[in-house]
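Reading through the structure tokens given below for one structure.
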Amino acid sequence: MSTPAERATAAGLNADLVMLDGSVQATFLIDMLKNVKDLPIRESDILLCTYPKSGTHWTWEILNMIVAGKAEYAKHWQNSAWLEYRTWEELEELASPRILHTHLRPSHLPETVWHKGCKVVYVRRNPKDCVVSSYHQMSKQVWKDNPAGKASYTGTWDDFIDLFLNGCLPPVPYFEHTIEWTNISEAKKDSEICRVHYEDMKQDCVREIRRMADYLGRPLSDKTYYDISEACSFKNLKHANEKLKDQTYHFQWQDGASGYFRKGITGDWKNWFTVAQSERFDTVYKERLNETFPY
Ligand code: A3P
């Protein structure tokens, strides 16, 4: 019987993959992932936790602006503060309060996150839109450990959906990730986390920014909420990342463009899923999570 990593490779995922703690991982990340539990965490750290493609760049920028108290872009791309990707030294150099983002499940985070009472913002997005977004990213992006210059994924769309549903996509299986984050309040009784939906941010970003600012204990004026929402609109944030920011932490993409900012809409999945694929997806989703996605 093949492992999820082997299935991913067979389906067209072009990276050196291994299994670690039930997740498919790129080999080059293994050492960092093994050490992540011991990372020095500060009480003031704010963790932004997402399944990939849920709006991490967007929310990270918003959180930075809330902390700064003004609608000013952070100097670097969000990958400058990626908990499981940056070295300890790089993370240590970040000024407090750090806004660290991660795709890890709660059980894989440093325990100190919970003991020190760090603020945790968890963002969810309709998983069908996440799959479409992921498929586009992986079909274009060239990974660091891929000297052949091939895109990360060269298989079919249909197989990609299956990889997602069967927990074969790096860096984390969707259902396990979602189940753990859904049940976190029970497991970590003293820790309150702020839950945000990408779709709610699309619907009323000012309201969601206010909610996050209140959660962080950093309320701002109505005007500042509005300014942050504007500065972080899809068009403005894409421009800022591609044209204004320092590009040191912008990962390489095959066509040189920034695929991290693709369409920025809800419901693009309807342009990609056939009825049969959508029904297959819904069946597995319902079986695994015992719910239907609210959006
Ligand atoms: P699409 O590929 O559907 O366009 P992440 O930052 O977690 O990698 O998520 C990337 C997704 O968020 C992409 O989705 C991207 O376009 C979208 N996104 C980025 N900034 C956004 C913004 N300001 N408003 C809405 N969506 C945004």
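If you go through region 225-250 and keep only what is of a type in the set (Ser, Thr, Tyr) and surrounded by fewer than 19 Cβ atoms within 10 Å (Cβ to Cβ), you end up with TYR226, SER233, THR248, TYR249. Under the condition of being hydroxyl-bearing (Ser, Thr, Tyr), modelled with pLDDT of 95 or more and surrounded by 15 or more Cβ atoms within 10 Å (Cβ to Cβ), which residue from region 257-289 is nearest to the ligand (Cβ to nearest atom)? My answer is THR266. Once region 114-132 is narrowed to residues that are within 19 Å of ARG195 (Cβ to Cβ) and surrounded by fewer than 19 Cβ atoms within 10 Å (Cβ to Cβ), the residue that is nearest to the ligand (Cβ to nearest atom) is TRP114.
Exactly one residue among ASN64, ASN79 is within 14 Å of the ligand (Cβ to nearest atom), within 26 Å of ASP227 (Cα to Cα) and surrounded by fewer than 18 Cβ atoms within 10 Å (Cβ to Cβ), and that residue is ASN79.
Checked against (1) at pLDDT 95 or above; (2) open to solvent by 50 Å² or more (accessible area, probe 1.4 Å); (3) of a type in the set (A, V, I, L, M, F, W, C), MET32 passes all but a single condition, namely (1).
Exactly one residue among GLU84, GLU111, GLU92 is surrounded by 19 or more Cβ atoms within 10 Å (Cβ to Cβ) and touching a residue at least 12 places away in the same chain (Cβ under 8 Å), and that residue is GLU84. Checking the stated criteria, GLY117 turns out not to satisfy the condition of being farther than 21 Å from THR50 by Cα and part of a loop (DSSP other than H, G, I, E, B). For region 42-56, a residue qualifies if it is touching a strand residue (DSSP E or B) at 6+ places or on another chain (Cβ under 9 Å) and either open to solvent by less than 10 Å² (accessible area, probe 1.4 Å) or within 12 Å of the ligand (Cβ to nearest atom) (or both), and the qualifying residues are ASP45, ILE46, LEU47, LEU48, CYS49, THR50, TYR51, SER54, GLY55, THR56. Listed conditions (1) more than 15 Å from the ligand (Cβ to nearest atom); (2) modelled with pLDDT of 95 or more; (3) of a type in the set (Asp, Glu) are all met by ASP246, apart from (2).
The values are calculated or read from the model by the stated rules, or taken from the named source; none is laboratory data. Since this is a predicted model, take the numbers as computed values, not measurements. So basically every Cβ, Gly included, is an ideal-geometry build from the backbone, and we count neighbours across all protein chains shown. Accessible surface areas use protein heavy atoms only, side chains included; no ligands, DNA or RNA. Shrake-Rupley method; radii C 1.70, N 1.55, O 1.52, S 1.80 Å.
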